[in-house]
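The values are calculated or read from the model by the stated rules, or taken from the named source; none is laboratory data. A quick note: this is a predicted structure, and the numbers were derived from the prediction, not measured. Because the Cβ atoms are built from the backbone with ideal geometry, glycine has one as well, and the counts that use them run over all protein chains shown. We work out accessible area using only protein heavy atoms, side chains counted, and drop any ligands, DNA or RNA first. Shrake-Rupley method; radii C 1.70, N 1.55, O 1.52, S 1.80 Å.
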Amino acid sequence: MSLDLPLVFAALMGLAILMYVVLDGYDLGVGMLMPAASADEQELMVASIGPFWDANETWLVLGVGILLVAFPAAHGLVLGALYLPVAAMLVGLMLRGVAFEFRVKAEGWHRGLWNWLFWFGSFLASFAQGLMLGRYVTGFHPGFGYTLFAMLVGASLCGGYVLLGATWLILKTEGELQKKALAWARWGLLWVALGVALVSLATPLVSHTVQAKWFDFPRTLALMLLPIATVAAGWRVWAATGRLKRGEREFDWMPLAATVAIFTLAFAGLAYSLFPYVVIDRMTIREAAAHPSALKFMLVGVAIVFPFLVAYTVFAYRVFRGKARAGLYE
Amino acid sequence: MDTAEALILARAQFGLNIGFHILFPSLTIALGWILLYFRIRYARSGDPAWLATYKLWTKVFALSFAMGVVSGITMSFQFGTNWPGYMQRVGNIAGPLLAYEVLTAFFLEATFLGVMLFGMNRVPGWVHVFSSAMVAVGTTISAFWILALNSWMHTPAGHVMDGSQIIAGEWLQVIFNPSFPYRFTHMLLASGLTASFVVAGLSAWRLLRAGEDASARNTLRTGLVLAAVLAPLQILAGDLHGLNTLEHQPAKIAAIEAIWKTGKSVPLVLFAVPDDEKRRNDFAIEIPKGASLVLRHDGEAELQGIDAFVPDAAPVAPVFFAFRVMVGMGVLMLLAAWSGVWATRRGMLPQRWMLWTFSGFTFAGWIATLAGWLVTEIGRQPWLVTGILRTRDAVGGVSGAQLGASLTGYIITYTVMLIAYLVVLTHLAGKGADA
């Protein structure tokens, strides 16, 4: 039996990107929510993401790494077209990454400055990623309308990350801060609804291939499960936050789990739209794939390392389970 | 698009990024192991002074690691955006090596760093020691893969052609290419020296600022002893690396020694101002037959000069000067470390002027590392991958305007980051381990 290597690596890349969006999404979201919290709450918020953010960002390196090494031709095309938003995202990620370390050691107005940079970096990186998504799903078409669309997607992704961050805080905090997070989550959810709707409408309008894939009876009926499930997950977030707000019985992990479901479903829909293209209507995964010898060598590494990676990631999340506590370095 | 302009900007931007980035791994690779040593000392003695030491240096490590991570993420994008020709031509070799670095090192160190920094009260002691060890192992594995790739670019081996594509024939030969063992050893020792001088330098600063401090005296001694052991080893490793370079990249040696013409009984140029236009040395101070003697162990031996490699010869002046900066710093670091070990014998506290000297040497390792990196990377020019790909053929895609705009953004960001880093480090060291 011979493996379909480009397909395997497309799946791995998809997994890495989804992992990145969900994991770094919650800590970027927490970063964007910083100005809305009091100084004490900010310490708790930072403590809740402290042990994780480094590893979360590594998923981005893996995702881009797979794009670079498994689909080199697409890497040049995609990142060339997105050069400036990518640079903006990198500056944002750098600022927030070091601000995270510096703010703990700073005092007085210095700490205020680093807090601001932490917020700004988180926002810049999130917005730039949304911009990249918006440009990507419309095939990098130039023009004012497309730019505006990309900016709307940028704002929506910020909302999406705020939703992830807020639901993460619902899980990791209690009391007053948790109450605030419940309200933040509902705001984020509205933006997510807008973003998902925008991308779902835009992709079939821009590409006939995508249109044909979704509007093809009777397959359409089965495919409709995807948007229905997404709406159901959105409703679950709304209902769960409502119950928690009123102090009724509900798991504190439910809003986060339902949010992750929204992201996963939206991602699955996008993946279905695009496949087998890596650049919409222009380049398929097979055209972009690296030499089989390189892919095989990497697959060996993935197969050996992946179980360990999953094991120690689970270990780290178990070590830091439960509600966050202040006093990061104690 | 103006290719010449884009080439200069692409190189400036990549050089800035990688030059900024290399500062932090070169510190954290060895600091990870030094931290593990502190952690084990605490585990075995239960002495709160070792705990305080460990916690202080953990903060320095976390800060440096974060700087390395964020500048490293930038690098992972720039491989593709600044050098599309690189991935097109040798992506089937470079890609998997980078992928292995991410898979085997990045996740390992990032995940266990979280446990190491924030988990001391949440996991049993041995799990925490284990986490510290995994962080150190992770940084070293990371160095292994990136130096395998870098060495392959200098001395390619193990590859074959499949149609127009370069692919790996034998991965073990690709990884353990001729210059890899030397370069990897040289880099690990460089990291050891960088970290030990940072440890000694910041400890000396602490003693100057706050007077007596048992923890700072311990770490001053630790840093100095480590540096005193590693410095002579590094000189030996550097010499062997040089002989390996003579065998596989003679053009680089010609540039390092400013040898313009191939000939016998070549003098050793101690100092000169190499003129790349006229291909000669001005104001040269030379030892007759010296280069032949040092490099071939025979005063009469023939050495190839720049003329043997034109037009594929590196610019001489930057390589020549950078090499002398590196060697000069190496000698100074050796002297500082040895006199420091003497001055701290039997628990003695060095004179204030010596403490000032050690403080002044805090970042000596960075200067030597950057100089050495310039020697090896500029010495490889005009090749990006020796004999396979020229640097100018790898550039492309992005316009000069976009490169210029993003370069400005990076310069501002890096300047802010570096200043903040130095301020915080000085501040941390000044407060000492008890704070």
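At 20 °C and a viscosity of 1.002 mPa s, what translational diffusion coefficient does Stokes-Einstein give for region B:40-121, taking Rh as the Kirkwood radius over Cα pairs? Give it in µm²/s as a whole number.
139
What's the average, rounded to a whole number, of partner chain beta-carbon atoms within 10 Å of each residue's beta-carbon in B:58-65?
On the way: counts 1, 4, 0, 0, 7, 5, 1, 3.
If you average over the peptide's residues, the count of other-chain Cβ atoms is 3.
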Classify region A:84-208 from the C-alpha gyration tensor, please: rounded if a/c falls under 1.5, else prolate or oblate depending on whether a/b exceeds b/c.
oblate
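With Cβ to Cβ distances under 13 Å as the rule, what net charge do the other residues near A:Y272 carry (K, R +1; D, E -1)? Each step should come with its number before you reach the end.
Numbers: positive: A:K213, A:R219; negative: A:D216.
Once all neighbours under 13 Å are counted, the net charge is +1.
Restricting to DSSP loop positions (anything but H, G, I, E, B) with no more than 11 other Cβ atoms inside 10 Å of their own Cβ, which trypsin sites (Lys or Arg not before Pro) remain in region B:209-317?
On the way: sites: B:R209, B:R217, B:R221, B:K252, B:K261, B:K264, B:K278, B:R279, B:R280, B:K289, B:R296; in loops: B:K261, B:K278, B:R279, B:K289.
Here the trypsin sites (Lys or Arg not before Pro) that fit, given the DSSP loop and packing criteria, are B:K278.
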Using Cα centres only, tell me the gap between region A:19-61 and region B:281-330 in whole Å.
52
Going through region A:215-319, which GluC sites (Glu not before Pro) have at most 12 other Cβ atoms within 10 Å and a DSSP loop state?
A:E248
For region B:360-435, alpha-carbon Rg relative to the globular expectation (2.2 N^0.38 Å, N residues):
1.64
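If you wrap region B:100-158's Cα atoms in a convex hull and average its projection over all directions, what's the area in nm²?
Answer in nm², one decimal: 4.3.
Averaged per residue, what accessible surface does chain B expose to a 1.4 Å probe, in Å²?
For chain B, the solvent-accessible area averages 39 Å² per residue.
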Work out from phi, with θ = phi - 60° and the Karplus expression 6.51 cos²θ - 1.76 cosθ + 1.60, the ³J(HN,Hα) of each residue of region A:201-208, listed in order in whole Hz, and give x for Gly and Pro.
7, 6, 4, x, 5, 6, 10, 5
Once both labels are modelled 7 Å past Cα along the beta-carbon direction, what's the B:I388-A:R243 spacing in nm?
5.8
Given H placed 1.01 Å from N in the peptide plane, which residues other than close sequence neighbours of B:L384 have an amide H under 5 Å from its amide H?
B:L389, B:R390, B:T391
Where Rh is the Kirkwood radius over the Cα pairs of chain B, the temperature 37 °C and the viscosity 0.692 mPa s, what D in µm²/s does Stokes-Einstein return?
142
Proximal charge balance of B:A394 [Cβ under 14 Å; K/R count +1, D/E count -1]:
+3
Accessible surface of region A:165-309 [probe 1.4 Å, protein heavy atoms]: carbon and sulfur percent
73
Rounded to the nearest 100 Å², the accessible area buried between A and B, both sides, probe 1.4 Å, is 5700
Amide H neighbours of A:M283 under 5 Å, counting only residues 5+ apart in sequence or on other chains, H built in-plane at 1.01 Å?
A:V278
Within 10 Å of each Cβ in peptide B:77-89, how many partner chain Cβ atoms are there on average? Round it to a whole number, please.
5
Give me, ordered by chain and number, the residues 5 or more places off B:E286 or on other chains with an amide H under 5 Å from its own placed amide H.
B:L270
Hey, what's the Cα Rg ratio for chain A versus the globular rule of thumb, 2.2 N^0.38 Å?
1.01
Cross-link reach list, aspartates and glutamates versus B:K278, counting only Cα pairs under 20 Å and skipping chain neighbours closer than eight places:
B:E257, B:E286, B:D307, B:D312
Dimensionless Rg ratio for region B:110-231, taking C-alpha atoms and the 2.2 N^0.38 Å reference
1.49
What does the C-alpha gyration tensor say about the overall shape of region A:230-316? Classify as rounded when a/c is under 1.5, otherwise prolate if a/b is larger than b/c, or oblate.
oblate
I'd like the Karplus ³J(HN,Hα) series for region B:146-152: coefficients 6.51, -1.76, 1.60, θ = phi - 60°, whole numbers in Hz, and an x wherever there's a Gly or Pro.
5, 6, 4, 5, 4, 5, 4
Within the set B:K252/B:K289; A:K105/A:K245; A:K323/B:K59; A:K179/B:K55; A:K172/B:K59, which residue pairs have Cα atoms separated by over 28 Å?
A:K105/A:K245; A:K179/B:K55
May I have the extent of the alpha carbons of the protein assembly as shown along their three principal axes, as whole Å values ordered from largest to smallest?
86, 66, 48
What's the carbon and sulfur percent of region B:1-108's accessible surface, probe 1.4 angstrom, rounded to a whole number?
63
Grab every C-alpha pair in region A:1-119, bin the distances at 10 angstrom width from 0 up to the longest one, and report whole percents.
12, 37, 27, 16, 6, 1, 0
Report ³J(HN,Hα) in whole Hz for each residue of region A:111-122, in order, from the Karplus equation J = 6.51 cos²θ - 1.76 cosθ + 1.60 where θ = phi - 60°; Gly and Pro get x.
5, x, 5, 5, 4, 5, 5, 4, 5, 4, x, 4
Compute the separation of the alpha-carbon centres of region B:339-384 and region B:124-144 and state it in Å as a whole number.
26
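With Cβ to Cβ distances under 14 Å as the rule, what net charge do the other residues near A:L90 carry (K, R +1; D, E -1)?
-1
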Calculated from DSSP helices alone, with each H run of at least 4 adding -39500 (n - 2.57) and the total divided by the residues of the protein assembly as shown, [θ]222 nm to the nearest 500 comes to -26000 deg cm²/dmol
Shape metrics for region B:210-327, restricted to C-alpha atoms - Rg then Dmax, Å:
18.7, 60
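What's the longest uninterrupted piece of chain B once you rule out the GluC sites (Glu not before Pro) that are loop residues per DSSP with at most 12 other Cβ within 10 Å?
With GluC sites (Glu not before Pro) excluded where exposed in loops, chain B gives B:1-169 as its longest stretch.
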Just how far, in whole angstrom, is region B:8-41 from region B:205-268 if you go by their alpha carbon centroids?
17
